[in-house]
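K.L.:
Attaching a single structure in structure tokens format; questions to follow.
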Amino acid sequence: MRLKGLDDHAVAALAPPLQAICAAHDVAFIVNDSIGLAKRLGADGVHLGQGDGDPRDARAVLGPGAQIGVTCHDSRHLAMEAGEAGADYVAFGAFYPTDTKETRHRPDPSILGWWSTLFEIPCVAIGGITPDNAAPLIAAGADFLAVSGAVWNDAEGEAAAVARFADLL
């Protein structure tokens, strides 16, 4: 759940319907940026940006079963630190221009292959990913793709966008 610009109380008020949808479809409910909010909501996990806390603290607060991910931008060093700190996945990006958030990092897709070759922790590709530009990231070694605008802003609708992503597998 990512709702930038809203305080935790507003996000918490909006969360229950989304949590129910996730539960009904056996999909993890992950809270963005806030260990405390993830705990408050009983989320399945948290995704941390570089300024959002340490994965060790998230694990201590959320427990051993929580899914903890960390944005590592274009940094191999940050990814290795996240893995050593107990992250369940690392995220690299933004690979492409995106309107979802301001970005300063533009990793080369080869970082995905480097990570996948050396480490067992899954990696996620983030940033401006569409059905038209996702294939090189998958080929490079992305275990998962984080997409937002490509689904929610699709002219043919969300279901059509999801189907186009599914066709890539």
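K.L.:
Take the residues in the stretch 152-168 that are in contact (Cβ under 8 Å) with a residue 12 or more places away in the chain and closer than 28 Å to W114 by Cα, then tell me which one is nearest to the chain's Cα centre (by Cα).
P.N.:
Out of the qualifying residues, it is F165.
K.L.:
Let me ask something else about it. Is it the case that G36 is surrounded by fewer than 16 Cβ atoms within 10 Å (Cβ to Cβ) and more than 15 Å from the chain's Cα centre (by Cα)?
P.N.:
yes
Coordinate-derived values only; no laboratory data. As the structure is a computational prediction, the values presented were derived from the model and not from experiment. Positions of Cβ are backbone-derived with ideal geometry, glycine not excepted, and every protein chain shown enters the neighbour counts.
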